[in-house]
Each structure stands twice: as C-alpha cells, then as structure tokens.
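One structure is given here, and the rest of the page talks about it.
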Amino acid sequence: MGQDVGQMSASDSLEQLAEVLERHCGTYEDLCALLSSERDALMQNDIDELHTLLMGQQGLIFQVATDEELRMKVQSELAVSLGMDRDASLGDLLEQGGLSTFQSNRLGRARARMLELVEQVESINEDNRDLVHQALKFTAYSLDGVRFLAGGGITYDRTCSRDRSEALLMDKKY
C-alpha cells in the first residue's frame, strides 16, 4: 500500500511537471512574440512601442522565473519519488525508464519545445542587441557630426571627460 502512495505521488508529480512545462512553453512563446515585436519597433525607431514592450517583457520574465522555480521543485520531488538523485535533470528523468510511454512522450515533447524556444529567445535577443548597438553607433556618429558643424572640437569624449577650453553649441544655454 505504501508503494501505491509513492506511485500516486510520482504520478501526481509527473502530471504537475508536464503542466508546468507546457505553461512554461506558452510563456516562452509569448516572450518570443514580444521580442520579435521589439525587433520591429527597434527597426522602426518606435520608442513608445519599445517602452510598452519592455514593460511586457518584465512581466513575462517574472513569470518565467516563477515557472522555473516551480519546475525545479516538482522535478526534484519526482526524481526522489522515482529513487533518483534530487538534482536529476529532466533528461535524466526521461532516460530513467520508470515512466510510461505516454508520460515519457509528453515530457519529451515539452522538453524539446522548451529547448527550441530558449534557443529562439537567445537568437532574437542577439539580433535585438545588434540593432541597439547599431543605433548607438549611429547616434554617436550623428552627435559627432553636430559637434563638428557647431564649430569646434568635442566638448565631451566617449569617456564623458569634458574639455572646458571651448564652449560649443551643445554647451550653450538659450
């Protein structure tokens, strides 16, 4: 009878883990969509939209952290109930062999989808980071041009050190 309780606990943990992973996938899908929208806003230089998207990202990142914490807890409980080390990975659980084909397939699909989505998030983030760096380089170039056209040297260098020997257009108060 004690074994049935253990099995029920493992079964409940498996169900909960699958639900958490599936919800986690949904959150990552939302994050991917938001990051893609961010890329579009960066290309269109839509600052208001970027602000809105960044606020949405904060909520999703909080949800990802909450889901991940729950996933780790449930995964650890499942590993112990299956007689494995508490720190067993999801891959370890799938390889262990104590799962039904249905359970193994469900968890395997969720794991594969999560890995795919994490890779997508990283790729889109890298693209967005490159766009931001390009925008910063263009801004620096534009400011250097304005300072040059204003008739003189640079009042601030890239380290924010100020050359006070000469006041320029950007220093003057009107």
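The values are calculated or read from the model by the stated rules, or taken from the named source; none is laboratory data. Note that the structure is predicted; figures quoted are calculated from it, not measured. Note that each Cβ is placed from the backbone with ideal geometry, even for glycine, and that neighbours are counted across all protein chains shown.
Condition check: touching a residue at least 40 places away in the same chain (Cβ under 8 Å), assigned to a helix (DSSP H, G or I) and within 28 Å of Ala33 (Cα to Cα). Does Glu77 satisfy that? Break it down into steps so the answer makes sense when it comes.
Working: touching a residue at least 40 places away in the same chain (Cβ under 8 Å): yes; assigned to a helix (DSSP H, G or I): yes; within 28 Å of Ala33 (Cα to Cα): no.
Criteria not met by Glu77.
Assuming Ser165 fulfils every condition listed in (1) at pLDDT 80 or above; (2) in a loop (DSSP other than H, G, I, E, B); (3) loosely packed, with under 15 Cβ neighbours inside 10 Å apart from one, which condition is it?
Result: Ser165 fails condition (1) only.
Restricting to the range 94-121, give me the number of residues that are assigned to a helix (DSSP H, G or I) and either of a type in the set (Val, Ile, Thr) or without any contact (Cβ under 8 Å) to a residue 40 or more places away in the chain (or both). Don't jump to the end; show me each part of the working.
Initially, the range 94-121 is screened for residues assigned to a helix (DSSP H, G or I), giving 94-96, 101-121.
Next cut, either of a type in the set (Val, Ile, Thr) or without any contact (Cβ under 8 Å) to a residue 40 or more places away in the chain (or both) only: 94-96, 101-102, 104-105, 108-109, 112, 115-116, 118-119, 121.
Count: 15.
Out of Glu38, Glu68, which single residue is assigned to a helix (DSSP H, G or I) and under 15 Å from Val118 (Cβ atoms)? If you could, list the steps in order and put the result at the bottom.
Details: Glu38 fails: under 15 Å from Val118 (Cβ atoms).
Every option except Glu68 fails the conditions.
Can you find a residue in the range 82-89 that is part of a helix (DSSP H, G or I) and under 26 Å from Val121 (Cα atoms)?
Looking only at the range 82-89, we keep the residues that are part of a helix (DSSP H, G or I), and these are none.
No: zero hits.
Name every residue in the range 2-45 that is modelled with pLDDT under 90, surrounded by 15 or more Cβ atoms within 10 Å (Cβ to Cβ) and farther than 30 Å from Gly98 by Cα, in order of residue number.
Correct list: Leu42 only.
Among what's in the range 61-107 and is within 22 Å of the chain's Cα centre (by Cα) and among the small types (Gly, Ala, Ser), pick the residue that is surrounded by the fewest Cβ atoms within 10 Å (Cβ to Cβ).
So, considering only residues that are within 22 Å of the chain's Cα centre (by Cα) and among the small types (Gly, Ala, Ser), the one surrounded by the fewest Cβ atoms within 10 Å (Cβ to Cβ) is Ala65.
If I filter the range 62-77 for residues that are closer than 29 Å to Asp46 by Cβ and of a type in the set (A, V, I, L, M), do I get at least one hit? Spell out how you get there, then give the answer.
First, pick out the residues of the range 62-77 that are closer than 29 Å to Asp46 by Cβ: 62-65.
Within this subset, residues satisfying the condition of being of a type in the set (A, V, I, L, M) are 64-65.
Checked against the condition, which is being closer than 29 Å to Asp46 by Cβ and of a type in the set (A, V, I, L, M), the range 62-77 yields at least one hit.
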